[in-house]
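> Can you read through this structure? Questions will come right after.
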Amino acid sequence: MKLPPLDPTDPAGLDDLLTEDEKEIRSAVRQVLDASVEPYIAEWFEQGSIPDIRSLTRELGSLGVLGMHLEGYGCAGMSATEYGVACLEIEATDSGLRSLVSVQGSLAMFAIWRWGSEEQKQQWLPGMAAGELIGCFGLTEPDAGSDPSSLTTRARRDGSDWILDGRKLWISNAPFADVAVVWAQTDEGIRGFIVPADTPGFSAPEIKHKLSLRASATGELVLDGVRLPDSAVFPEVRGLKGPLACLNEARFGIVWGALGAARSSLEVARTYAKDRVQFGKPIAAFQLTQQKLVNMSLEYTKGYLLALHLGRRKDAGKLRPEQVSLGKLNNVREALEICRTARTILGANGISLEYPVIRHQNNLESVLTYEGTVEMHTLVLGQVLTGESAFR
Ligand code: FAD
């Protein structure tokens, strides 16, 4: 039997592992992003903002990617693997855009979907799934990053109301969010609150001067005597398991998403190397360049297999948080290495926004840090391997 020619963008033939539905989602997402985002994304990154975030969010809502893996309340009810495939495609355009989708669907919406009352779900989820309402998720504080158990934002009861005071930092989507999920200390441990952005005492100033995720708005949350009714608190959940369950969902999307930034950079570098001539030959004809491309392709292939394996486990209800740590740690670290190597292949052009590589590389510096730093996920896995906790 004559085998078809090898696809240089998929030498291992990974495409065989996807279902027809998964491939359809991939092309539907690609089509929308190619038309609505790709032509403008470098400019948005350069200017540090997305000019019409509302219509973009509504478009993502119509595409069904907001809260894509959640059931009911206007959400698409797709599988975890389908969600992963979409995240890869979105981050191949820009990690900032994937952050918007992750924070909306896996952090803010998932928190309400998993921990909210029926009334809270009915009130918020359909509008968020449609992209009419934008959400953010406030856990990190100026003095509580990797160790969220030390957070000091405080919620106290006042009659049947709650009063919230404190400050959150580095919150994606915050400057334009309609609603914030805020985690605060109470007399009963950490609890989650749904804070409409127009509540008196609440503000979300933007953090400026970022050199990473520039096509994503990041802000503070300032809570100054914010009064909320009892209907704003998640009724049951207490303690860190509330926010950690949400982070686990978002991290799963990152396991896939980071590969998108890697794929884009690898493809640009491969094509560039075939065109760029030095010493009378395309630089692709030099062994050192080939070794770089081969190593990038190998790491991408291994990362993809890992993401797919974790996706299938999640769909089977067997995925453990430690396994998500394994995927997040490996895939973001290797994706960043792929982008850095691609950058070298492009030479001076590698630092220009005319090509996506430096943008992806800079973006991944944030992705390496948020949703648990490399060090935190290393400690999670270190504990799995040794039985010893080295966090403190
Ligand atoms: P720190 O915790 O101060 O850590 C600094 C360094 O010390 C890191 O390298 C860390 O790994 C290391 N370190 C800390 N403890 C240990 C230890 N025990 N052993 C070894 N090393 C250690 N947060 C939200 O709540 N919501 C969001 O939407 C959100 N969006 C973000 C968007 C961006 C662009 C960025 C950059 C961050 C965002 N974050 C968000 C915050 C992010 O989750 C935190 O930055 C992250 O948890 C790390 O916290 P930190 O920056 O305070 O670093």
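> Helix 287-315 versus the longest principal axis of the chain: what is the Cα-based angle in degrees, 0 to 90, to the nearest 10?
Result, in degrees: 40.
> Another question, if that's okay. Can you compute the FRET efficiency between residue 46 and residue 278 using 1/(1 + (r/R0)^6), with r the Cβ-Cβ distance and R0 = 30 Å? Round to the nearest 0.05. Could you put the intermediate results ahead of the total?
Working: r = 29 Å, r/R0 = 0.95.
For residue 46 and residue 278, the calculated efficiency is 0.55.
> Work out how much length residue 114 to residue 287 would gain on full extension: take 0.36 nm times their residue separation and subtract the Cα-Cα distance, in nm to one decimal.
57.1 nm
> List residues of the range 180-203, by number, whose backbone nitrogen lies under 14 Å from a label position 7 Å along Cα→C-beta of residue 156.
Residues 185-188 qualify, since their backbone N sits under 14 Å from the label point.
> List the lysines whose Cα lies under 16 Å from the Cα of residue 208, skipping any in the same chain that are fewer than 8 positions away.
168
> All other residues with a Cβ under 13 Å from the Cβ of residue 57 taken together, and with Lys, Arg as +1 and Asp, Glu as -1, what is their net charge? Walk me through the numbers before you get to the answer.
On the way: positive: 54, 58; negative: 52, 59, 132, 178.
Local charge sum for residue 57: -2.
> Still on this model: For the range 229-244, what does the Karplus curve 6.51 cos²θ - 1.76 cosθ + 1.60, with θ = phi - 60°, yield as ³J(HN,Hα) per residue in whole Hz, taken in order and with x for Gly and Pro?
In residue order, the calculated couplings are x, 4, 5, 8, 8, 5, x, 9, 6, 10, x, 5, 5, x, x, 5 Hz.
> Would you please put 170-176, 277-283 in order of how densely packed they are, using the mean number of other Cβ atoms within 10 angstrom per residue and starting with the highest?
170-176, 277-283
> How big is the equivalent ellipsoid of the range 285-386 along its three axes, where each semi-axis is √(5λ) from the Cα gyration tensor, reported in whole Å from largest to smallest?
29, 16, 12
> Pick from 32, 179, 324: which is most flexible by mean-square fluctuation in a GNM of the chain where alpha carbon atoms under 10 Å apart are linked?
32
> Among 78, 68, what is the fewest-to-most ranking by other Cβ atoms within 10 Å?
78, 68
> Label points 7 Å out from Cα along the Cβ direction at residue 390 and residue 375: separation in nm?
It is 1.2 nm.
> Quick one, can you get me the convex hull of the C-alpha atoms of the range 135-238 expressed as volume per residue in Å³? Walk me through the numbers on the way to the answer.
Working: hull volume 10.0 nm³, N = 104.
Per residue, the Cα convex hull of the range 135-238 comes to 96 Å³.
> Do you know the relative contact order of the chain, to the nearest whole percent, from alpha carbon pairs under 8 angstrom that are 6+ apart?
17 percent.
> Could you list 213, 14 in order of exposure, starting from the residue whose Cβ has the fewest other Cβ atoms within 10 Å?
Details: 213 26, 14 15.
Ranking 213, 14 by Cβ neighbours within 10 Å, fewest first, gives 14, 213.
> On to the next question. Amide H neighbours of residue 130 under 5 Å, counting only residues 5+ apart in sequence or on other chains, H built in-plane at 1.01 Å?
Amide H neighbours of residue 130, under 5 Å, 5+ apart: none.
> Could you compute the net charge surrounding residue 222? Neighbours are other residues with a C-beta less than 11 Å from the C-beta of residue 222; K and R count +1, D and E count -1.
-1
> Moving on. What does the charge count around residue 207 come to, taking other residues whose C-beta lies under 12 Å from its C-beta (Lys +1, Arg +1, Asp -1, Glu -1)? Intermediate values should be presented prior to the final figure.
Values: positive: 168, 208, 210, 214; negative: 206, 220.
After counting each charged neighbour, the total is +2.
> How large is ³J(HN,Hα) for each residue in the range 9-24, as worked out from phi by the Karplus curve 6.51 cos²θ - 1.76 cosθ + 1.60 (θ = phi - 60°), to whole Hz, x for Gly and Pro?
Here the 3J(HN,Hα) series is 8, 8, x, 7, x, 5, 4, 4, 7, 8, 7, 4, 4, 5, 5, 5 Hz.
> What ranking do 256, 124 get, fewest neighbouring Cβ atoms within 10 angstrom at the top?
Arranged by neighbour count, lowest to highest, 256, 124 become 124, 256.
> What ³J(HN,Hα) values, in whole Hz, does the Karplus curve 6.51 cos²θ - 1.76 cosθ + 1.60 give for the range 208-216 when θ = phi - 60°, with x put for Gly and Pro?
9, 6, 6, 10, 9, 6, 6, 8, 8
> If each DSSP helix of 4+ residues adds -39,500 (n - 2.57) and the sum is divided by the residues in the chain, what number results at 222 nm, nearest 500 deg cm²/dmol?
Counting only the DSSP helices, I get -16000 deg cm²/dmol.
> Return a single number: how many Lys pairs in the range 227-341, at a sequence separation of 8 or more or on separate chains, have alpha-carbon atoms below 22 angstrom apart.
Qualifying lysine pairs in the range 227-341: 11.
> Okay, next question. So how much slack lies between residue 230 and residue 18, counting 0.36 nm per residue of separation and subtracting their Cα-Cα distance, in nm?
Difference between extended and current length: 71.8 nm.
> Using only the Cα atoms, what convex hull volume per residue in Å³ does the range 39-108 have?
Value for the range 39-108: 87 Å³ per residue.
> Using DSSP to define loop residues, name the trypsin sites (Lys or Arg not before Pro) in the range 144-226 whose beta-carbon has at most 12 other beta-carbon atoms within 10 Å. Each step should come with its number before you reach the end.
Working: sites: 154, 156, 157, 167, 168, 191, 208, 210, 214; in loops: 208, 210, 214.
Taking the range 144-226 and a limit of 12 other Cβ atoms within 10 Å, the loop trypsin sites (Lys or Arg not before Pro) found are 208.
> Now, a different point. Rounded to the nearest 20 Debye, what is the dipole magnitude of the range 135-238 about its Cα centre when Lys and Arg each give +1 and Asp and Glu each give -1 at the C-beta?
On the way: 11 positive and 15 negative charges, 64 e Å.
Dipole about the Cα centre, nearest 20: 300 debye.
> Where does the chain land on the Kirkwood hydrodynamic radius, alpha-carbon pairs, in angstrom? Can you show the working numbers first?
Working: mean 1/r = 0.0463 Å⁻¹.
After inverting the mean inverse Cα-Cα distance, the result is 21.6 Å.
> For the range 48-155, which GluC sites (Glu not before Pro) are in a loop by DSSP, counting at most 11 other Cβ atoms within 10 Å?
Here the sparse-neighbourhood loop sites are 71.
Read-outs: derived from the displayed coordinates by stated rules, not from any lab. All values derive from a computational prediction rather than experimental measurement. Don't worry about glycine lacking a Cβ; one is built from the backbone with ideal geometry, like all the others, and counts go over all protein chains shown.
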